[in-house]
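*Asks:* Below is the structure I would like to discuss, written out as C-alpha cells.
Just so it is clear, none of the values below were taken in a lab; they were calculated from the coordinates. From a predicted model like this one, the values you see are computed outputs, not experimental measurements. Here Cβ is always computed from backbone atoms with ideal geometry, including for glycine, and neighbour counts include all displayed protein chains.
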Amino acid sequence: MNTTGNATLRTDLIPEDKRVDGFNITTIAIMLSALVIGPNLAYWILDLTGFGTLFPIAAGMLLIAIANLLLLKFDDIKTKSVTFSVKEIFEPRAFWFALVLGVTFIGWPGVMTYGPLYSLELGFSFGGYFFLAYGGGLLFSRFISNLIMGENKPPAFTAFSFVLVIIGHSLIGFLNSKVGFLTGAVFIGAGYGMALSIFKKMAYDLVEPERRGRCSATIFVAQDIGATIGIYAYGFLAESLGSFSYSYMMAAAITVVPLVLLLLVALPNYKRINTTAVSLDIPVCIESDILN
C-alpha cells in the first residue's frame, strides 16, 4: 500500500515538464533513506541498545512521515466507480515497462540482501559499506539522467541505465575483490537510480491521471516477482558454487534481457503511442491494449 500510494502521489504532485527531474530526486531521496541512512542507523542502534530500541524508533519515524504527508497539498484524483477485479489492479499499457523493471529486479537482492553478506565474505568489517558506495552511485545518477534525458536526445539513450547495472554486477562478480565490490556498487546505484526514475515516468505517461495507481501497482507487482525470483537464484548459486560472486555474474547476464526488451519492444511501443496521440490531437494516454 505504501509503495503504490507513494509512487502515485509523487506523480500527481510533480509537474509534467519536471517529472524526470522530480522522479530522479525523489528516487534518490527514497533510496538513500532506505538503503544508506536506514541500514547504517539501524546497525548503530543495534550496537548500542539492541532490538528493544530499534522498533520504537522506527515507529516514531513512521509517525513523522504521516505528519509530513498531512502537510502536502494535492488534487484528489480518483476513479468515479471502482469494482474489485483484475482490471482495476492491472494496467495493460504499463506492461512492457513493468516487465523491463521486473526482470531487472532479479538482480535487486544483490543490493538489499546479498551485498552486505558478500562484503563480509570479502573481508569487510562492516556490512554497510556496500550501501554507502551504492548511495554515491545514486547521487551520481542525478547528473547522468540530465545528460541522457536532455533535449533532442534519442529515447534509446535511456538504455545506458541498464549498461551501468550490467557493468556494476560484472565488476563485483568477476573481480571478486574489495575494489571491484565498491566500484560495482557505485555503478549499480547509478544504474538503478536512473532506471527507477526514467522508466516509471515513461509508464505514467501512457495512462490517465486516475489510472496512475493501477500503473504503480502493475510495476511494483512485477518488481516484487523479479526480486522474489532473484533472491532464490542468488542463494542457490552461492550455495552450489561456494561464493556470491557467481550470483552477481548471473545478475549481469540476466540484465541483458531487459536491455533488449527496452530497445526492441518497450521504447518502440512508447514512441508509437506518443506519435499516435500527437497525430490524432488526443492525450498521450490513449485507450489501446499494448499487449497486441
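*Asks:* Let me have the 222 nm mean residue ellipticity of the chain computed from DSSP H runs of 4+ only, each contributing -39500 (n - 2.57), with the sum over all residues rounded to the nearest 500.
*Replies:* -23000 deg cm²/dmol, from helical runs alone.
*Asks:* Each residue of the stretch 38-55 in order: what ³J(HN,Hα) in whole Hz does its phi give by Karplus 6.51 cos²θ - 1.76 cosθ + 1.60, θ = phi - 60°, with x for Gly and Pro?
*Replies:* x, x, 5, 5, 5, 4, 5, 5, 4, 5, 7, 10, x, 5, x, 8, 4, 5
*Asks:* Would you mind ranking Val207, Val165 so that the residue whose beta carbon has the fewest other beta carbons within 10 Å leads the list?
*Replies:* Going from sparsest to densest Cβ surroundings: Val207, Val165.
*Asks:* Note down the Stokes-Einstein diffusion coefficient of the stretch 138-236 in µm²/s, whole number, using a Kirkwood radius over alpha carbon pairs, 37 °C, and 0.692 mPa s.
*Replies:* Estimated diffusion coefficient is 218 µm²/s.
*Asks:* Here is a further query. Using a 10 angstrom Cβ neighbour count of at most 11 plus a DSSP loop assignment to flag exposed trypsin sites (Lys or Arg not before Pro), which longest range of the chain is free of such sites?
*Replies:* 81-292
*Asks:* Now for a separate question. Specify, per residue and in Å³, the volume enclosed by the convex hull of the alpha carbon atoms belonging to the chain.
*Replies:* Here the figure is 150 Å³ per residue.
*Asks:* For Asp12 and Asp224, compute 0.36 nm times the residue count separating them, minus their Cα-Cα distance, and round to one decimal in nm.
*Replies:* So the chain would gain 74.0 nm between Asp12 and Asp224.
*Asks:* Sticking with this structure for a sec: Sticking with the crude label model, points 7 Å out along Cα→Cβ, report the distance from Leu147 to Asp75 in nm, one decimal please.
*Replies:* Taking the simple label geometry, Leu147 and Asp75 are separated by 3.6 nm.
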